[in-house]
Amino acid sequence: MHNDNPTWGGILPVHEDQYWFSPDTRVLVEECGVFGIHAPKEDVARQTFFGLYTLQHRGQESAGIAVSDGNQITSHRKMGLVSQVFTEQDLASFEGIAAIGHTRYSTTGSSNVENAQPVVMDTDLGRIAMGHNGNLVNAAELRREMADSDLHFEGNTDSELIAFMVANGPGTSIEDRIKNIIPRLQGSFSLVFLTANSVIAVRDELGNRPLCLGRYEGAWLVSSESCAFEAIDASFERDLLAGEILVLDDAGPRTISKDAHGPTALCVFEYIYFARPDSVIEGSNLHEVRQRLGASLAIEHPITADVVIGVPDSATAAAIGYSNASGIPYGEGLVKSRYIGRTFIQPDNRLRKLGIKMKLNTLSSITKDKRVIVVDDSIVRGNTTRAIVELLRTSGQAAEVHVRISSPPMRWPCFYGIDIQRPDELIANSMSVEEICHNLGADSLGYLSLNSLIEATQLQDSQLCTGCLTRNYPIPVQLEMDKLVLERPDSNVANNPDVRTSIQPTLGE
Ligand code: SF4
């Protein structure tokens, strides 16, 4: 039985870092995955399940699938991993011609089941469902405009707001309404809509989050990342253009937007960390890009050492690139507990104190008495990196630990869907590289330069967002956006001095 009013099932959502690290530890977290398929001859629910399974890295708080049988849309969404949310029975009872799916990490709104997606909404044109990857920067303003209406919001996300705007927007078809409301949205959004007989995919005019089109015999699919296509034996066709609105229905894919173009602010962290290494974005395989990052890092920050290791999994490719370029052997000095993931079982206090050890073990046969170069993709607060340095010195018995980061220092918040909202959450905002090195307890520290990062993506800097590295944001953001912005009794944050940010991001500064 599927329901549109899911319940907790006795599970409390808590952020992973609250479980496994000290309370002030922060790691970068992905920002949702979306998937859609129109395939009248396929088991669309099962295909969507496997697509979401592949996109699990983009969000582990909740998952959901909505299916249309050509008339009715039903959905199922719950807190938890994709494998925890759906049973064989759930999938077997879903029959349809089209489906969309979503994996969520909360960037606006609390982590609770009311905010799980797809959002399902009844309209005068029939029921629709929608999944969103990204973050609106004008959500509070839009919500304020709707405050006088008698609309009832079930959750408190910017995603629900978008669905409301489409449901109540001007136009005689859902396609028209989407076209009409999109220009009002500011920020980052890759969207998938489900109507009775179509999937409609939308990429924002910056192209901030990836979204691509795939094909499987008579079926057409869209996904946040191309890795989802391979998992179900579909082929990658192309990236959606920035600003593109693409309809998938019986007539095949058709673009209904007029002014689609290449990305002007694709998140550079998709290349560094977020996307899976087997995905292709804007023509580049992510594993190869990360190897190039590591190779440039070796050229920019050479050091005499015995072994290069990577922090698994996202920095492995960069470590291999560093090793190849430097001639220093690569070794797997850190082993990740792969299945720990985001668990809903609280560790007891003794286990909590073990912190990073719950996630990573050292292989001392690789690191003992060695001068070790450890490559990671980024440093947020520094607590995780500090713990890794200590782990390598103690359990790993390394003689020296040299930290190399395959991105420039992250100094500024992200307003477009990554859960880093305040400068004081970032160690590089207040410390020099030397101070950070001392703080981490490392023997040396080197960050990749911005030029080398951009070069490795094979895009121009005018095509990328580097806001958290450079403070040059693609759209001016006047406010400190926090994820609960729509939950306050008065969400009129624009007039609330308490939430004004201490920085004023500007264009092209
Ligand atoms: S500010 Fe940073 S994390 Fe956010 S979209 Fe831009 S590059 Fe990505």
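Say we look at the stretch 462-486 and pick out the residues that are modelled with pLDDT of 95 or more and away from the ligand (no atom under 11 Å from the Cβ); which of these is nearest to residue 267 (Cα to Cα)?
Within the stretch 462-486, the match that is nearest to residue 267 (Cα to Cα) is 463.
Suppose we filter 279, 235, 257, 314 for residues that are buried (at least 23 other Cβ atoms within 10 Å of the Cβ), farther than 25 Å from residue 472 by Cα and of a type in the set (Ser, Thr, Tyr); which single one remains? Write out each step before concluding.
On the way: 235 fails: buried (at least 23 other Cβ atoms within 10 Å of the Cβ); 257 fails: buried (at least 23 other Cβ atoms within 10 Å of the Cβ); 314 fails: buried (at least 23 other Cβ atoms within 10 Å of the Cβ).
Residue meeting the stated conditions: 279.
Out of all the residues in the stretch 135-185, which are within 21 Å of residue 224 (Cα to Cα), modelled with pLDDT under 90 and not aliphatic (A, V, I, L, M)?
Within the stretch 135-185, 135, 157, 158, 159, 160 meet the criteria.
In the stretch 78-100, what residues are charged (D, E, K, R) and either under 10 Å from residue 129 (Cβ atoms) or surrounded by fewer than 15 Cβ atoms within 10 Å (Cβ to Cβ) (or both)?
So the first thing to find is which residues in the stretch 78-100 are charged (D, E, K, R), and the list is 78, 88, 90, 95.
Within the stretch 78-100, 88, 95 qualify.
Which one is nearest to residue 451 (Cα to Cα), of the residues in the stretch 221-275 that are among the hydroxyl-bearing types (Ser, Thr, Tyr) and in contact (Cβ under 8 Å) with a residue 40 or more places away in the chain?
Of the residues in the stretch 221-275, the ones among the hydroxyl-bearing types (Ser, Thr, Tyr) are 223-224, 226, 235, 255, 257, 264, 271, 273.
If we keep only those that are in contact (Cβ under 8 Å) with a residue 40 or more places away in the chain as well, we get 223-224, 226, 257, 264, 271, 273.
Details: 223: 29, 224: 26, 226: 26, 257: 34, 264: 17, 271: 14, 273: 17 Å.
Among them, the one singled out is 271.
Take the conditions within 27 Å of residue 140 (Cα to Cα) and among the polar types (S, T, N, Q) and apply them to residue 255. Does it pass?
Values: within 27 Å of residue 140 (Cα to Cα): no; among the polar types (S, T, N, Q): yes.
In short, no.
Under 8 Å by Cβ, and 6 or more places apart or on different chains, what pairs join a residue from the stretch 419-436 that is on the phi < 0 side of the Ramachandran plot with one that is part of a loop (DSSP other than H, G, I, E, B) and among the aromatic types (Phe, Trp, Tyr)?
419/105; 421/415; 423/412; 426/412; 429/412
Here is a list of conditions, (1) basic (Lys, Arg); (2) within 16 Å of the ligand (Cβ to nearest atom); (3) touching a Leu at 6+ places or on another chain (Cβ under 8 Å), and residue 422 meets all of them except one; can you say which number that is?
(3)
Under the condition of being at pLDDT below 95 and aromatic (Phe, Trp, Tyr), which residue from the stretch 300-353 is farthest from residue 372 (Cα to Cα)?
Looking at the filtered set, the residue picked out is 344.
Suppose we keep only residues that are within 16 Å of the ligand (Cβ to nearest atom), under 17 Å from residue 316 (Cα atoms) and not small (Gly, Ala, Ser) within the stretch 377-413. Which one would you say is surrounded by the most Cβ atoms within 10 Å (Cβ to Cβ)?
It comes out as 405.
In the stretch 215-242, what residues are more than 20 Å from residue 274 (Cα to Cα) and of a type in the set (Gly, Ala, Ser)?
218, 219, 234, 235
Among the numbered conditions (1) touching an Asp or Glu at 6+ places or on another chain (Cβ under 6 Å); (2) buried (at least 24 other Cβ atoms within 10 Å of the Cβ), tell me where residue 221 comes up short.
Condition (1) is where residue 221 drops out.
The values are calculated or read from the model by the stated rules, or taken from the named source; none is laboratory data. Keep in mind it's a predicted model, so treat the numbers as computed, not measured. All Cβ positions, even for glycine, are placed from backbone atoms using ideal geometry, and neighbour counts span all protein chains on display.
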